[in-house]
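*Asks:* Structure provided below as structure tokens; questions to follow.
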Amino acid sequence: MDKKDTSGRLFSDKDIQTFIGQFLRYGVLTACVTAIIGGVIYLYHHGLEAIPDYATFRGEPDSFTTLSGIWKGVLAGSSIEIIQLGVVFLIATPVLRIVLSLFSFAVEKDKLYVCITLIVLCVILFSMFSGMKI
């Protein structure tokens with residue numbers, strides 16, 4: 001049986017907002033749990049090592065800074081890449097929230113907010129993928 005509100009829509013605004021709120025909660029929770037699991041594994045393997053020399057700068061390898069490198073490291077069981085995956089989840093959560101809001105406004109046929117949300121999404125994606133800080 002379909003759930004319809006009084007306007008004849010399949011989902012009400014409250015249903016969509018509740019879903020987006022739950023999505024944010026579970027996204028942040030997933031990010032935290034993933035990072036904590038990676039941190040525990042890291043401390044188990046490296047907790048008793050000497051403090052590294054921070055006087056010399058060493059850039060991070062691609063395995064820490066690219067999605068494919070992070071994924072390969074996670075599949076290999078690398079603790080640092082598991083922590084990085086938690087960070088990726090944390091970054092992806094609000095971006096996906098904007099996508100869900102875009103869907104919500106499209107369902108409501110609210111053209112103004114669809115345009116505004118699309119602009120915000122484009123600015124965020126441009127900033128993330130071009131390396132520019134706006």
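The values are calculated or read from the model by the stated rules, or taken from the named source; none is laboratory data. Keep in mind that what you see is a predicted model, and the values were worked out from it rather than measured. Counting neighbours? That spans all protein chains shown, and the Cβs are built from the backbone with ideal geometry, glycine included. Side chains are part of the model used for accessible areas, which takes the heavy atoms of the whole protein and leaves out ligands, DNA and RNA. Shrake-Rupley method; radii C 1.70, N 1.55, O 1.52, S 1.80 Å.
*Asks:* Specify the angular offset, from 0 to 90 degrees and rounded to the nearest 10, of the alpha carbon long axis of helix 111-130 from the longest principal axis of the alpha carbons in the chain.
*Replies:* In the chain, helix 111-130 runs at an angle near 10 degrees to the longest axis.
*Asks:* Using +1 at the Cβ of each Lys and Arg and -1 at the Cβ of each Asp and Glu in the chain, identify which of A35, V88, I98 lies farthest towards the dipole's positive end.
*Replies:* I98
*Asks:* Something else about it: Excluding residues fewer than 8 places away in the same chain, name every one of the aspartates and glutamates whose C-alpha is closer than 14 Å to that of K72.
*Replies:* Of all the aspartates and glutamates, those that pass the test against K72 - Cα under 14 Å, at least 8 places apart if same chain - are D62, E81.
*Asks:* Let me ask another. DSSP loop (so not H, G, I, E, B), at most 14 other Cβ within 10 Å: list which trypsin sites (Lys or Arg not before Pro) in segment 64-113 pass both filters.
*Replies:* Counting only loop positions with at most 14 other Cβ atoms within 10 Å, the trypsin sites (Lys or Arg not before Pro) in segment 64-113 are K109.
*Asks:* For segment 32-114, which chymotrypsin sites (Phe, Trp or Tyr not before Pro) are in a loop by DSSP, counting at most 16 other Cβ atoms within 10 Å?
*Replies:* Loop-located and lightly packed - Y54, F57.
*Asks:* Could you work out how far helix 79-107 tilts from the main Cα principal axis of the chain, as a 0 to 90 degree angle to the nearest 10?
*Replies:* 10
*Asks:* If each of K111 and F19 carries a label point 7 Å out from its Cα toward its Cβ, how far apart are those two points in nm?
*Replies:* Label at K111, label at F19, 2.4 nm between them.
*Asks:* Rounded to the nearest percent, how much of the accessible area of the chain (1.4 Å probe, protein heavy atoms only) is carbon and sulfur?
*Replies:* 70
*Asks:* May I pose another question? Report, to the nearest 10°, how far helix 67-76 tilts away from the longest principal axis of the Cα atoms in the chain, using its own Cα long axis and a range of 0 to 90°.
*Replies:* 60
*Asks:* Test of understanding: in a Gaussian network model of the chain with alpha carbons linked when under 10 Å, which of G73, G39, G59 would top the mean-square fluctuation ranking?
*Replies:* Highest fluctuation of the listed residues: G59.
*Asks:* Let me ask another. Have a look at L112, L29, L85 and tell me which one the Gaussian network model of the chain (Cα, springs below 10 Å) gives the largest fluctuation.
*Replies:* Residue with maximal mean-square fluctuation among L112, L29, L85: L112.
*Asks:* Rounded to the nearest 500, what is the 222 nm mean residue ellipticity of the chain from helices alone, with -39500 (n - 2.57) per DSSP H run of 4+ residues and division by all residues?
*Replies:* -25000 deg cm²/dmol, from helical runs alone.
*Asks:* Accessible area per residue of the chain at 1.4 Å probe, in Å²?
*Replies:* 75
*Asks:* Right, here's the next one. In square nanometres, what is the average projected area of the Cα convex hull of segment 67-134?
*Replies:* 5.5
*Asks:* Right, something else. Once R0 is set to 30 Å, what does the formula 1/(1 + (r/R0)^6) return for the Cβ-Cβ distance between S130 and L90, expressed as a FRET efficiency to the nearest 0.05?
*Replies:* The computed FRET efficiency comes out at 0.90.
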